[in-house]
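Below is one structure; the comments refer to it alone.
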């Protein structure tokens with residue numbers, strides 16, 4: 001089982017995948033592969049480099065969370081989720097949050113440039129991350145500009161597949177019991 005898995009989605013389609021065994025980000029849908037070959041040949045190498053660079057930070061964050069919860073053994077989960085959206089009314093949104101053991105640990109509030117910690121154990125992390133105002137401003141810029149720019153590219157290039165309205169085909173096979 002890989003220690004780290006990174007998945008990239010557009011809407012509900014898994015578009016890219018990376019794990020700590022393959023150590024390579026790879027396409028999961030043909031339309032993104034075609035886009036990358038044509039428009040940005042360095043895309044997979046660049047993203048692979050970024051994710052590889054974040055593996056150590058993920059391990060540190062998991063270790064910090066384990067210590068905050070007084071857990072020294074067993075399997076534990078540290079999750080990062082971020083993304084952006086283009087709404088039908090033209091407005092834009094973005095989110096960035098971390099979870100531990102399937103629960104929200106800390107969430108970024110891009111309007112106030114602060115972190116919201118619903119869990120008491122996350123208060124130390126909140127104070128530390130709130131103090132890094134430059135980092136928080138970069139998060140906001142990423143969510144409102146860079147993420148939206150990439151999302152628009154993905155939506156443009158994958159629109160045929162992403163906007164399909166026909167239901168998926170389903171095959172049902174029956175099995176009869178033999179007495």
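All of the numbers you see were taken from the coordinates with simple rules; none came from a lab. Fair warning: this is a prediction, and the values are worked out from it, not measured in the lab. Reconstructed Cβ throughout: ideal geometry from the backbone, glycine too, with neighbour counts over all protein chains shown.
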Item to check | Rounded to 10°, Cα long-axis angle of helix 147-157 versus longest principal axis of the chain | outcome: 0 degrees
Item to check | Centre separation in Å (Cα based) which lies between region 103-153 and region 1-72 | outcome: 19 Å
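Could you list 69, 142, 18 so that the one with the fewest beta carbons within 10 Å of its beta carbon is first and the one with the most is last?
The most exposed by this proxy come first: 69, 142, 18.
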Next on the checklist: I need the P(r) histogram for region 5-162: all alpha carbon pairs, bin width 10 Å from 0 out to the longest distance, whole percents.
Outcome noted: 9, 33, 36, 18, 3
Item to check | Modelled FRET efficiency - R0 22 Å, residue 75 with residue 21, Cβ distances, 0.05 increments | outcome: 0.85
Checklist entry - Arranged by the count of other C-beta atoms within 10 angstrom, fewest first, what order do 81, 1 take? => result 1, 81
Checklist entry - Expressed as a rounded percentage, what relative contact order does region 5-162 have, with Cα pairs under 8 Å and six or more residues apart? => result 16 percent
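How much mean residue ellipticity at 222 nm does the chain get from its helices, if each DSSP H run of length 4 or more adds -39500 (n - 2.57) and you divide by all residues, to the nearest 500 deg cm²/dmol?
Computed mean residue ellipticity for the chain: -11500 deg cm²/dmol.
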Checklist entry - Once a ≥ b ≥ c are taken as the square roots of the eigenvalues of the Cα gyration tensor of region 1-73, is the result rounded (a/c under 1.5), prolate (a/b larger than b/c) or oblate (a/b not larger than b/c)? => result prolate
Checklist entry - For 89, 119, 11, what's the fewest-to-most ordering of other Cβ within 10 Å of each Cβ? => result 89, 11, 119
